[in-house]
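The values are calculated or read from the model by the stated rules, or taken from the named source; none is laboratory data. Since this is a predicted model, take the numbers as computed values, not measurements. Note that each Cβ is placed from the backbone with ideal geometry, even for glycine, and that neighbours are counted across all protein chains shown. Ligands, DNA and RNA are stripped out before the accessible areas are found, and what is left, the full protein with its side chains, is counted by its heavy atoms. Shrake-Rupley method; radii C 1.70, N 1.55, O 1.52, S 1.80 Å.
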Amino acid sequence: MTFSPQLEAKFADLITHYPEGRQKGALIPMLLYAQDEVGAVTPEVIAEVASRLNVKPVEVEEVIGYYTMLWRHKRGKHHIQVCTNLSCMLAGGEELYAQVSKKLGIGHRETTPDGQFSLEETECLGACSWAPAVLVNYDFHMKMTPEKLDRLIESLGSKQ
Amino acid sequence: MLYNEPSPHETRILTRRLVYPQAEPIGYEQYAAQQGYEALRKALAMTPDAIIDEVKKSSLRGRGGAGFPAGMKWSFVDRKSPKPKYIVVNADEGEPGTCKDRIILENEPHRLIEGCVIAARAIGAERGWIYIRGEYRRMIETMDRAIAEAYQQGILGANVLGSGTRFDLYTHTGAGSYECGEESALLESLEGKRGNPRLKPPFPATSGAFQCPTIVNNVETFSAVPDIIMNGGDWYAALGAPRNGGTRLFCLSGHVNKPGVYELPMGYNLLRMINDVGGGIRGGKKLKAVVPGGSSCPILKAEECDIAMDFDTLAKAGSMLGSGGVIILDETTDMVKFLYRTMKFYAHESCGWCIPCREGTAWLKKILERLDAGVGVSKDLDMVDQLAQSMFGRTFCALGDAAAMPAMSIIRKFRAEFEERIRSAQVFIPAPETRPLVVL
């Protein structure tokens, strides 16, 4: 399996960041970057990354089971993470999560049938002072309100 | 990008170059024009011991949560060891209530790079990583651009500013794990493994990343170093409180009028922080309680809040300064729900390596869920306390303690509220259908 030229260049550089013989250090970044391109950590991605870093597939599997950002099934094109941890909860994060869940008809770590959206109720995103926070892919949306969130999802949906 | 306006009460050292709203990060040109990398030039002319002494004098304490004196940590590294030495920056900011490291990562990446190169000089490190949580991808990109600039300017690479020493610095992305903010779990993650903590000792200064001597410090700790070297350790120490040098970033969140990240001297009074800096409680309500330093810190009741915010004073009061995440709760806050949500977090984030934490957090969550739902019984309250006590201090890392401390403190300080919830519950539980054992 091959990745885009940009990602191949990134991987070639990434492997040089770790001491000689300890290239396994690149494993988690590689999986995450590959997932960003492919949409999920598929069996092909696992086999490919394992062979490139010369690790056993089971070493890759155990890592996927641990880190919440690594998904075996496909994420939506727009992955929406709503924080419901303490500071966001005090500012209405749980209600925002329920609102998105109802609007999109999906629950925690689920993807819409058209593959446009996936949803996750997430733990602290590190935006507590500007709560409630929502993360769409890697972009932060802070001080959210029900109206702002509605508009955000509609504008994402119309982008297709 | 800055997301809140600065406060006139701030003492701006770490954030002095930032101008609200700081739409773009400070690039190399601007940083260099404003005395950037002058501290590094000064440090390159100093001996490693002199650098460490200056940091010791500054009484700079770890900003990640534990508050360990940074200079002392650096002095534990055996510089004569034949192994390579490493610098690791903990930018896995994940403690609920904390959003300060991103201020530096997003706006002034060169400050962090300068701090790392000075630290590398002090311990003789050739390589370093900035471990940034996966959700902060945009900040990883900002750091990568700044690192590329630093290579171009000869600040990083084979010959740091003509000194003849090598230092390489890279970013490393996490992938969603609170536990990886614990230094030994972070090192496991850096090596490409599950983020389970290591048994200590050996501490990272002896055997850290890839089994080599390593110092792990928070973003804010490294970022404070350039000013310490420029102006001297004594100057920095005098900014703060005794044994708690300098300023730190406090993240105010919750029920205040002006939540935000503010730079204040160590030892700043908590009530003034809420009223003067934070603009008081929202809606003119009364203060109920404060979590002073991230969700793992024991809670302070309103009457305990007239207190100096430094590591020692809070420890004496039975709490912690932690990571500077100050969560302010007004009189309407439901403490049962608050504790349930806290425990839900720890149950989700426990890595499962140590049994007291794996089982303890899961059971605490279960018990608090039923208390919150109104179907708890009064013996649950003692059970929460006992469970938390039997987790405390019995795990490899501090996550077990981090879950136990809020559980014990909230259930003890707000016990009446929990009892009231049990009493007032209007849940009718029907008796199970029974059949006589013997039919005559």
Please go through segment A:119-141 and give me each residue that is within 8 Å of chain B (Cβ to nearest Cβ), farther than 16 Å from B:Asp92 by Cα and among the acidic types (Asp, Glu), ordered by number. A:Asp139
For segment B:246-255, check the following and say yes or no: at least one residue is surrounded by fewer than 20 Cβ atoms within 10 Å (Cβ to Cβ) and not assigned by TED's automatic domain parsing to the domain that holds B:Glu114. no
Taking the criterion of being in a strand (DSSP E or B) and of a type in the set (Gly, Ala, Ser), would at least one residue in segment B:108-128 satisfy it? yes
Counting just the residues of segment B:286-306 that are more than 26 Å from A:Gly126 (Cα to Cα) and touching a residue at least 24 places away in the same chain (Cβ under 8 Å), which one comes out least open to solvent (accessible area, probe 1.4 Å)? B:Asp306
Between A:Gly39, A:Gly65, which is out of contact with any strand residue (DSSP E or B) (no Cβ under 6 Å at 6 or more places or on another chain) and within 11 Å of chain B (Cβ to nearest Cβ)? A:Gly65
Note down all Cβ pairs under 8 Å where the first residue falls in segment A:59-73 and is of a type in the set (A, V, I, L, M), the second is open to solvent by 30 Å² or more (accessible area, probe 1.4 Å), and they're at least six residues apart or on different chains. A:Val63/B:Lys193; A:Val63/B:Arg194; A:Ile64/A:Arg72
Checking A:Glu94, A:Glu147 in turn, the sole residue that is charged (D, E, K, R), under 30 Å from B:Arg282 (Cβ atoms) and in contact with a Ser or Thr (Cβ under 9 Å, 6 or more places away or on another chain) turns out to be A:Glu94
Report the residue count in segment B:159-190 for those that are within 14 Å of chain A (Cβ to nearest Cβ) and surrounded by fewer than 17 Cβ atoms within 10 Å (Cβ to Cβ). 1
Positions within segment A:77-105 being part of a loop (DSSP other than H, G, I, E, B) and open to solvent by 10 Å² or more (accessible area, probe 1.4 Å), in sequence order: A:Lys77, A:Ala91, A:Gly92, A:Gly105
Quick check on my filter: what residues within segment B:269-278 are open to solvent by less than 30 Å² (accessible area, probe 1.4 Å) and under 11 Å from B:Val256 (Cβ atoms)? B:Met273, B:Ile274, B:Val277, B:Gly278
Any chance B:Lys56 is touching a residue at least 12 places away in the same chain (Cβ under 8 Å) and of a type in the set (D, E, K, R): yes
Enumerate the helices (runs of 4 or more DSSP H) found wholly within segment B:1-60, keeping only those where 1 or more residues are touching a strand residue (DSSP E or B) at 6+ places or on another chain (Cβ under 8 Å). B:48-57
Considering B:Phe210, B:Phe222, B:Phe203, which residue is surrounded by fewer than 24 Cβ atoms within 10 Å (Cβ to Cβ), at pLDDT 95 or above and assigned to a helix (DSSP H, G or I)? B:Phe210
Conditions first: (1) modelled with pLDDT of 95 or more; (2) assigned by TED's automatic domain parsing to the domain that holds B:Arg63; (3) in a loop (DSSP other than H, G, I, E, B); (4) not aliphatic (A, V, I, L, M). B:Lys258 passes all but one, so which condition is the exception? (2)
So which residues in segment B:328-374 are outside any helix (DSSP H, G or I), open to solvent by 20 Å² or more (accessible area, probe 1.4 Å) and under 30 Å from B:Asn196 (Cβ atoms), if there are any at all? B:Ser350, B:Cys351, B:Gly352, B:Trp353
So which of B:Arg194, B:Arg198 ends up being outside any helix (DSSP H, G or I), at pLDDT 95 or above, open to solvent by 30 Å² or more (accessible area, probe 1.4 Å) and within 14 Å of chain A (Cβ to nearest Cβ)? B:Arg194
Any residue in segment B:370-382 that's in contact (Cβ under 8 Å) with a residue 12 or more places away in the chain: show its pairings with residues that are surrounded by fewer than 13 Cβ atoms within 10 Å (Cβ to Cβ) at Cβ separation under 7 Å, as long as the two are six or more apart or on different chains. B:Gly374/B:Val427; B:Val375/B:Val427
Every residue from segment B:235-276 that is within 14 Å of chain A (Cβ to nearest Cβ), over 18 Å from the mean Cα position of the chain (by Cα) and under 30 Å from B:Lys56 (Cα atoms): B:Met273
Out of A:Asp150, A:Asp114, report the one residue that is in a helix (DSSP H, G or I), out of contact with any His (no Cβ under 9 Å at 6 or more places or on another chain) and surrounded by fewer than 16 Cβ atoms within 10 Å (Cβ to Cβ). A:Asp150
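Yes/no matrix, rows are residues, columns are (1) within 14 Å of chain A (Cβ to nearest Cβ); (2) in contact with a strand residue (DSSP E or B) (Cβ under 9 Å, 6 or more places away or on another chain); (3) open to solvent by 10 Å² or more (accessible area, probe 1.4 Å):
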residue: B:Arg102; (1), (2), (3): yes, yes, no
residue: B:Leu112; (1), (2), (3): no, yes, no
residue: B:Val117; (1), (2), (3): no, yes, no
residue: B:Ile123; (1), (2), (3): no, yes, no
residue: B:Glu126; (1), (2), (3): yes, yes, yes
residue: B:Tyr131; (1), (2), (3): yes, yes, no
residue: B:Tyr136; (1), (2), (3): yes, yes, no
residue: B:Met139; (1), (2), (3): yes, yes, no
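Based on this model, can you work out whether B:Val216 counts as outside any helix (DSSP H, G or I), touching a residue at least 12 places away in the same chain (Cβ under 8 Å), buried (at least 24 other Cβ atoms within 10 Å of the Cβ) and in contact with a helix residue (DSSP H, G or I) (Cβ under 6 Å, 6 or more places away or on another chain)?
The answer is yes for B:Val216.
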